[in-house]
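Working notes for the structure below.
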Amino acid sequence: MSGTDFERSCKQLRKKYNFESTPEFRDDLNELFTKALGEGEDFSLELFEYCVPSEAVEDKNIEKLSDMIDLFLLDYNSEFNHLVEADWIFLKDLINVWALDMDMDTVSYIMQLVLDAGVFD
């Protein structure tokens, strides 16, 4: 599932919950994100909680989740995806912790983008 497909599914999910940000909506969104991301459940939850830091889910949170999906599908495009410096720093730290449990092509791809973003110290 691409980031675009994820956003489409999120719209359907929002309709299901009458556009209310309930705990059930957040749980279903997390489940959808975990499936789309294709990584382990614990890793996906940590990334989800970074992207959706409060109980209220906003459009900007869904966009960030979508950008993360594109990134982990090795399909990140800086013209369409808009991760900021803080996101790259978080990703660098997250990947450093989880790298041994991840596909090395994914790790290499993301770390190259972290390097390109200029946040590798």
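For the chain, find the longest principal axis of its Cα atoms and tell me its angle to the long axis of helix 59-72, 0 to 90°, nearest 10.
Compared with the principal axis, the helix lies near 40 degrees.
Can you put SER9, SER66, SER78 in order, fewest other beta carbons within 10 Å first?
Details: SER9 17, SER66 23, SER78 10.
Listed from fewest to most nearby Cβ atoms, that is SER78, SER9, SER66.
When LEU115, LEU32 are ordered from fewest to most other Cβ atoms inside 10 Å of their Cβ, what list results?
Least crowded to most crowded, the residues run LEU115, LEU32.
Calculate how steeply helix 41-51 sits against the longest principal axis of the alpha-carbon atoms of the chain, using the helix alpha-carbon long axis, and give the answer as 0 to 90 degrees to the nearest 10.
80 degrees
Can you tell me how the stretch 1-59 classifies by the Cα gyration tensor, rounded, prolate or oblate, using a/c under 1.5 as the rounded cut?
oblate
PRE reach from GLN112 (point 7 Å along Cα→Cβ): which of the stretch 35-76 fall under 12 Å by backbone N?
Only 74-76 fall inside the zone, counting backbone N under 12 Å.
If one takes the longest principal axis of the Cα atoms in the chain, at what angle in degrees, from 0 to 90 and to the nearest 10, does the Cα axis of helix 104-117 lie?
80 degrees
Using the count of nearby Cβ atoms within 10 Å as a rough guide to exposure, how do ASP5, ASP28 rank from fewest to most?
The fewest-first ordering by Cβ neighbours comes to ASP5, ASP28.
Which FRET efficiency value, to the nearest 0.05, do you get for ASP93 and LYS16 by plugging their Cβ-Cβ distance into 1/(1 + (r/R0)^6) with R0 = 22 Å? It would help to have the intermediate numbers written out before the result.
Numbers: r = 34 Å, r/R0 = 1.55.
Plugging the Cβ-Cβ distance into 1/(1 + (r/R0)^6) gives 0.05.
With an 8 Å cut-off on Cα pairs and a minimum separation of 6 or more residues, tell me the relative contact order of the chain in percent.
RCO, the chain: 25 percent.
Can you compute the FRET efficiency between ASP105 and LYS35 using 1/(1 + (r/R0)^6), with r the Cβ-Cβ distance and R0 = 30 Å? Round to the nearest 0.05.
For R0 = 30 Å, the calculated efficiency reads 0.90.
We did not get these values from a lab; they are worked out from the coordinates using the rules stated. Everything numeric here is computed off the predicted structure, so don't read it as measured data. Neighbour counts are summed over all protein chains in view; Cβ atoms, including those assigned to glycine, are modelled from backbone coordinates with ideal geometry.
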